[in-house]
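Below is a structure I'd like to ask you about.
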Amino acid sequence: MRAFLVMLGIVALAILAALLTGFLRFDQTQPAQLPRLEGGQAPKFNADVGRISVGTENKTVAVPDVKVQKAGEPAPQQ
């Protein structure tokens, strides 16, 4: 039960962060109306969400050589 509540809290924080950063936006396009004798009307919303595109590309990266020297060993000659 505790794990469920933690996950629910994390999801709520993620949605709140998306709303605050503008990544997720809701606009109400039609207001709700209470039914009088019959009918009524549910509200309508447009959701504008951000887009993320993920791709890959191959690159060659130079990686430095790392040499480990234990205490008491002489320094390597270069």
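What does the accessible area of Leu34 come to, in Å² to the nearest 10, when a probe of 1.4 Å is used?
Here the accessible area works out near 150 Å².
Where does helix 2-21 land angle-wise versus the long Cα axis of the chain, in degrees 0 to 90, nearest 10?
So the helix axis and the longest Cα principal axis differ by about 80 degrees.
Taking all protein chains as present, what is the carbon and sulfur share of the accessible area of the chain, in % to the nearest whole number, probe 1.4 Å?
Numbers: 4830 of 8070 Å².
Of all accessible area on the chain, carbon and sulfur atoms account for 60 percent.
Which FRET efficiency, nearest 0.05, do Phe4 and Glu38 yield, Cβ-Cβ r, R0 35 Å? It would help to have the intermediate numbers written out before the result.
Details: r = 40 Å, r/R0 = 1.15.
For Phe4 and Glu38, the calculated efficiency is 0.30.
Let me ask another. Each residue of segment 29-37 in turn: what ³J(HN,Hα) in whole Hz from Karplus with 6.51, -1.76, 1.60 and θ = phi - 60°, glycine and Pro shown as x?
9, 9, x, 7, 10, 6, x, 8, 9
Would you work out which of Met1, Asn58, Thr29 lies farthest towards the positive end of the dipole of the chain? Charges go on Cβ: Lys and Arg +1, Asp and Glu -1.
Towards the positive end, the residue furthest out is Met1.
Might you tell me the accessible area per residue for the chain, computed with a 1.4 Å probe and given in Å²?
Values: 8070 Å² over 78 residues.
Heavy-atom accessible area per residue stands at 104 Å².
As a check on your grasp of the helix formula, calculate [θ] at 222 nm for the chain: sum -39500 (n - 2.57) over DSSP H runs of n ≥ 4, divide by the residue count, round to the nearest 500.
Numbers: 1 runs with 20 residues, N = 78.
Here the helix-only value at 222 nm equals -9000 deg cm²/dmol.
Moving on. What does the extension gain come out to for Arg51 and Leu20, with contour length at 0.36 nm per residue minus their alpha carbon separation?
On the way: separation 31, 0.36 × 31 = 11.16 nm, distance 1.60 nm.
This chain segment gains 9.6 nm when fully extended.
Related question: Quick check on packing: order 56-68, 39-51 by the mean number of other C-beta atoms within 10 Å, highest mean leading. Can you show the working numbers first?
On the way: 56-68: 4.6, 39-51: 9.3.
In descending order of packing, they fall as 39-51, 56-68.
Mind checking which aspartates and glutamates have their C-alpha under 14 Å from Lys44, skipping anything on the same chain fewer than 8 residues away?
Hits, sequence-local ones excluded: Asp27.
The values are calculated or read from the model by the stated rules, or taken from the named source; none is laboratory data. These numbers were taken from a predicted model, which means no experiment stands behind them. Here Cβ is always computed from backbone atoms with ideal geometry, including for glycine, and neighbour counts include all displayed protein chains. Side chains included, ligands, DNA and RNA excluded: accessible areas come from the protein's heavy atoms. Shrake-Rupley method; radii C 1.70, N 1.55, O 1.52, S 1.80 Å.
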